[in-house]
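Since every read-out is calculated from the coordinates, none of them should be taken as a lab result. The model shown is predicted, which means the values in this text are computed figures rather than measured ones. Counting neighbours? That spans all protein chains shown, and the Cβs are built from the backbone with ideal geometry, glycine included.
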Amino acid sequence: MPPPNKKRDKPKKAEQALTFTIDGIDHRVDAAEIKNADELELYRQAKLTVADVFTALQSGAPFAVAGLMFLSERQKGNRPRYSALLDSVDRYDTSVAFTDAEDDAPEA
């Protein structure tokens, strides 16, 4: 009997994506795909960890919304400046809507 194929038998990571729309622009952050370099850069620029962003998001803090936008842009391959994103988020004029990951899943 051949040895098991580790690549084939390895369970797939569950997608932990957060999809959200800010002022009509769609964003997506896959928590399972956040790279250490991206979290480090977020910390360098904003003094925030990913956990800080997700915790503060519960209160709708503008710095948390900017943190999510930062991570989304990094996952797209862009190199945003956190301060510019934070300046674009206004507590009273920014509309944020979250979408369930299941809504984005392709139908079987």
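Please give the net charge around Arg79, taking every other residue with its beta carbon less than 15 angstrom from that of Arg79, where Lys and Arg add +1 and Asp and Glu add -1.
On the way: positive: Lys35, Arg44, Arg74, Lys76, Arg81; negative: Asp38, Glu39, Glu41, Glu73.
Charge balance near Arg79 sits at +1.
Residues Val29, Val50 in ascending order of nearby Cβ atoms (within 10 Å, fewest first): Val50, Val29.
Using a cut-off of 10 Å between beta-carbons, work out the net charge of the residues near Phe20 (Lys and Arg +1, Asp and Glu -1, Phe20 not included).
Numbers: positive: Arg28; negative: Asp26.
Residues close to Phe20 contribute a combined charge of 0.
Here Arg81, Arg44, Arg28, Arg74 are placed in order of increasing Cβ neighbour count within 10 Å, fewest first, which gives Arg44, Arg81, Arg28, Arg74.
What is the fewest-to-most order of Phe70, Phe20 by other Cβ atoms lying within 10 Å of their Cβ? Intermediate results must be reported in sequence, preceding the final value.
Details: Phe70 25, Phe20 18.
Least crowded to most crowded, the residues run Phe20, Phe70.
In sequence order, the stretch 27-36 has phi-based couplings of 9, 8, 10, 9, 4, 6, 10, 5, 7, 4 Hz under the Karplus curve 6.51 cos²θ - 1.76 cosθ + 1.60, θ = phi - 60°, and Gly or Pro positions carry x. Going toward the positive end of the dipole of the stretch 35-99, with +1 on Lys and Arg Cβ and -1 on Asp and Glu Cβ, which of Leu42, Ser59, Gly77 do you reach last? Of the listed residues, the answer is Gly77.
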